[in-house]
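Novice: Here it is, the structure in full.
The values are calculated or read from the model by the stated rules, or taken from the named source; none is laboratory data. From a predicted model like this one, the values you see are computed outputs, not experimental measurements. Cβ coordinates were reconstructed from backbone atoms using ideal geometry, including for glycine residues, and neighbour counts include every protein chain displayed. Surface areas here come from the heavy atoms of the whole protein model, side chains and all, with no ligands, DNA or RNA. Shrake-Rupley method; radii C 1.70, N 1.55, O 1.52, S 1.80 Å.
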Amino acid sequence: LNSIEELGFRPNAMARIFKTGRKNLIGFIVPDIANDFFATIIEEIESVIATANYKLIIVNTKETIAQEIEGIKTLANGIVDGLIVASTCERYTEWSHFIPDELPLILIDRCLPGAPYDSIAISDYDALHQGMEILARGGHRRIGYIAGLSRLSTTHERLSAYKNALTSFQLPVDENLICYGDSMSKSAIVHVAELLKLGCTALVVSNNIMTRDVLSYLHEKNIHVGSDFDIVGYQDGMQNDFFLRKIHVVKQPVVQLGRSAGQLMLERIQSPAAPVKKKILQSTFSARGNS
C-alpha cells in the first residue's frame, strides 16, 4: 500500500475489464436531459448504482428516433454492462436486433408492447381521471387537452383517461380540443391560443415541461389561472414553484422511479436468468391549494 501511494499507481481499467468481463458502466438512453423529470431519474439511478461501484453513461436523444437507435447501437456494442432505455420509439423491434442476448436491459417510463425486457413505469390514469372530475364538477364543459408525442405509451394512457372521463361526466369528446406537442419545451405554446379561441375554459396539459410553458404563456396574456381559467398539469415530484400552487397537479413518483430502476438493474446484472419483471408505480392527484 505504501508503494502504491509513493508511486502513484492507478489500476489499469482495460486490464480489469479483461479479467472480470465487467466495465462497471450502465448506459441510459434519455429523451430530454433538460427535463427535470429525467434529470431527477438520472440522479437517483446514479446514487443507487454507485453503491455497487457502477457509473452512468448518458445518451440524450431529444425525442429523436434516429438518435435513440444510434445511441443504443453504440452502447450495446460492448461498452456497458447494462442499458436503461426511456424510449421515444413505438416498437422495441426498431432497435432490439442490436441488443446482445446477455445484455441486461430495462425500459423506464415508456412501455413498448411485447418487449421481453424488465420495465418500470408510472400509471397516471387514476390521477388524471381525478383531475378531470374536479374540472367537470367545477362547471367546465369545454376542456382542452395538450398531449405529448402521439406514439408514446404515456400519451396513450393519459389521453384515454381524458376521453373516458369526458364520457363518464356526460361531456362530448371533441377531437378539435385535443392537440399534440412533442413533450419538449415550447411545443405546447402554439396550441394554447387555438384552444382559447375554441372556447376552452380549462386545459389538461400532459407533462411537466409543457405545463410550465402553458402557465408562462397565460401569465403573459394576463389570464389568471385559478380564477379566470383552470388547469390540470404535471409536477415531476421535485418541481415546486409559485405557479404550480394555482393549478391542479398530477404528481409523479419520479424519485422512486429512478431508485427502483437502479436497483432493478443491479438485480438483473446479478441474476441474468431471473424472470422478467414488470413494475408499475402510481401517480397521485392534488387539487389546487393542496399541492
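Novice: Lys197 to Tyr125: extension gain in nm, 0.36 nm per residue of separation minus the Cα-Cα distance?
Specialist: Taking Lys197 through Tyr125 to full extension adds about 23.1 nm, to one decimal.
Novice: At a threshold of 8 angstrom on Cα-Cα distance, excluding pairs fewer than six apart, so keeping six or more, what relative contact order does the chain reach in percent?
Specialist: 21
Novice: Report Rg(Cα)/(2.2 N^0.38 Å) for region 121-176, keeping two decimals.
Specialist: Here the answer is 1.09, to two decimals.
Novice: Quick check for you: with a 1.4 Å probe and neighbouring chains kept, what is the accessible area per residue of the chain, in Å²?
Specialist: Details: 13900 Å² over 291 residues.
On a per-residue basis, 48 Å².
Novice: Here's another thing I want to ask about it. Just to verify a number: FRET efficiency for Ser271 and Lys221, C-beta to C-beta distance, R0 = 45 Å, to 0.05?
Specialist: Efficiency at R0 = 45 Å is approximately 0.25.
Novice: How far apart, in nm, are two points set 7 Å out from the Cα along the Cα-to-Cβ line at Arg137 and at Thr167?
Specialist: Between Arg137 and Thr167, the simple spin-label model gives 2.2 nm.
Novice: If you don't mind, another one. Tabulate in residue order the Karplus-calculated ³J(HN,Hα) for region 261-277, using 6.51 cos²θ - 1.76 cosθ + 1.60 with θ = phi - 60°, rounded to whole Hz; enter x for Gly and Pro.
Specialist: Each residue of region 261-277 in turn: 5, x, 5, 5, 5, 4, 5, 5, 5, 6, 10, x, 9, 5, x, 5, 10 Hz.
Novice: Given just the C-alpha atoms of region 194-238, how large is their convex hull per residue in cubic angstrom?
Specialist: On the way: hull volume 3.5 nm³, N = 45.
That works out to 77 Å³ per residue.
Novice: Using every Cα-Cα pair within region 41-125, state what percent have a distance larger than 15 Å.
Specialist: Percent of Cα pairs beyond 15 Å in region 41-125: 59.
Novice: Can you give me the three principal axis dimensions of region 116-246 from its C-alpha atoms, in Å, biggest first?
Specialist: Over region 116-246, Cα extents along the principal axes are 49, 33, 24 Å.
Novice: Moving on to the next point. Which whole-Hz couplings ³J(HN,Hα) result when phi for each residue of region 146-163 is put into the Karplus expression 6.51 cos²θ - 1.76 cosθ + 1.60, θ = phi - 60°, listed in order with x for Gly and Pro?
Specialist: 10, 9, x, 4, 5, 7, 7, 5, 5, 5, 4, 5, 5, 5, 5, 5, 4, 5
Novice: Carbon and sulfur atoms: what percent of the 1.4 Å accessible area of the chain do they account for?
Specialist: It is 52 percent, rounded to a whole number.
Novice: Kirkwood-based Rg over Rh for region 154-222 (C-alpha set), two decimals?
Specialist: 0.96
Novice: Quick one: net charge around Gln263, please, counting Lys, Arg +1 and Asp, Glu -1 for every other residue with C-beta under 12 Å from its C-beta.
Specialist: So the surrounding residues net to +1.
Novice: Let me ask you something else. Taking a cut-off of 16 Å between Cα atoms, list the aspartates and glutamates near Lys251, but don't count ones fewer than 8 places away on the same chain.
Specialist: Leaving aside aspartates and glutamates fewer than 8 places away in the same chain, those within reach of Lys251 are Asp36, Asp109, Asp124, Asp126, Glu157, Asp236, Asp241.
Novice: What are the residues whose amide H is under 5 Å from the amide H of Leu105, where those residues sit 5 or more places off or on another chain and H is modelled from the backbone?
Specialist: Leu83, Asp118
Novice: Right, next: Taking the convex hull of the alpha carbon atoms in region 1-151, what volume per residue do you get, in Å³?
Specialist: Measuring per residue, one finds 161 Å³ for the Cα hull of region 1-151.
Novice: May I ask you to order 72-82, 30-40 by the average number of other C-beta atoms within 10 Å around their residues, highest value first?
Specialist: Averaged packing, sorted descending, gives the order 30-40, 72-82.
Novice: Take every Cα-Cα pair in the chain and report what % of them are more than 24 Å apart. Mind dumping the intermediate values first?
Specialist: Details: 22642 of 42195 pairs.
Cα-Cα pairs in the chain separated by more than 24 Å: 54 percent.
Novice: Taking every DSSP beta bridge that has both residues in the chain, what percent is antiparallel when rounded to the nearest 5?
Specialist: Of the beta bridges lying entirely in the chain, close to 10 percent run antiparallel.
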